[in-house]
Amino acid sequence: NAGVTQTPKFQVLKTGQSMTLQCAQDMNHNSMYWYRQDPGMGLRLIYYSASEGTTDKGEVPNGYNVSRLNKREFSLRLESAAPSQTSVYFCASSDWTQYFGPGTRLLVL
Amino acid sequence: TQLLEQSPQFLSIQEGENLTVYCNSSSVFSSLQWYRQEPGEGPVLLVTVVTGGEVKKLKRLTFQFGDARKDSSLHITAAQPGDTGLYLCAGFDGAGSYQLTFGKGTKLSVIP
């Protein structure tokens, strides 16, 4: 029982490059979330998925897209990375408690 | 958008001291959760409080939900170096939303 897993753990991109952050959970949760965490800003919700087949924008969705591939997997895509997207990205899944993955540390140069 | 304000933002204390962290809002929350995050890891749930006035204890940690369900506090007795971390409060507004609103966190350092 791995909980929530995220790949990759670290990534360096150049401005304009694209990438997809992967997230998977094995707890059979309906709800999944993507957050970014920046110093002094706390956790800010990018997108969430209340159930398989649905996605909704959170507080800071601009520059991102998501796919809820199936009940287990929820991916986050940066189509054209910008330095402002340098951050630590957390995926979470939820029944009542939110269970977080270990994070992806992204640096955009 | 509902906001949760945490104070203090930073706290550095000696081992054995007591401390209180506050989480305040002008909005009512149906429930409030406290998480602890250690460096390089994701947040981990400590407790959920649901009823106004509720007090929950977790070993040396005491959590209280305000009567009006707009605020909460976390009190740590006899802090230990292992308590070091980022403490985050987060609230559900209960209005059919699946979103948690997070405070910006209190970074606690307990010095041996």
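The values are calculated or read from the model by the stated rules, or taken from the named source; none is laboratory data. The structure presented is a predicted model; accordingly, all values stated were derived computationally and were not measured. Positions of Cβ are generated from backbone atoms using ideal geometry, with glycine treated the same way; all protein chains shown enter the neighbour counts.
Numbers below:
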quantity	calculated
Residue in the stretch B:82-94 that is within 10 Å of the chain's Cα centre (by Cα) and either away from chain A (no Cβ under 14 Å) or over 25 Å from A:Ala92 (Cα atoms) (or both) present	no
Residue that is nearest to the other protein chains (Cβ to nearest Cβ), among those in the stretch B:18-51 that are exposed (fewer than 13 other Cβ atoms within 10 Å of the Cβ) and farther than 30 Å from A:Thr5 by Cα	B:Thr51
Yes/no for A:Met32 being within 12 Å of chain B (Cβ to nearest Cβ), within 10 Å of the chain's Cα centre (by Cα) and either among the hydroxyl-bearing types (Ser, Thr, Tyr) or more than 15 Å from B:Tyr35 (Cβ to Cβ) (or both)	yes
Number of the exception - A:Ala82 against (1) within 22 Å of B:Pro43 (Cα to Cα); (2) touching a residue at least 60 places away in the same chain (Cβ under 8 Å); (3) of a type in the set (A, V, I, L, M, F, W, C); (4) more than 10 Å from every other protein chain (Cβ to nearest Cβ)	(1)
Among residues of the stretch A:48-71, those that are out of contact with any Asp or Glu (no Cβ under 7 Å at 6 or more places or on another chain), surrounded by 17 or more Cβ atoms within 10 Å (Cβ to Cβ), more than 12 Å from chain B (Cβ to nearest Cβ) and of a type outside the set (Ser, Thr, Tyr), counted	1
Qualifying residue in the stretch B:31-45 (condition: closer than 17 Å to B:Val110 by Cβ, at pLDDT below 95 and not in a strand (DSSP E or B))	yes
Residue count, the stretch A:74-107 (criterion: more than 22 Å from B:Glu38 (Cβ to Cβ) and either under 13 Å from the mean Cα position of the chain (by Cα) or surrounded by fewer than 20 Cβ atoms within 10 Å (Cβ to Cβ) (or both))	13
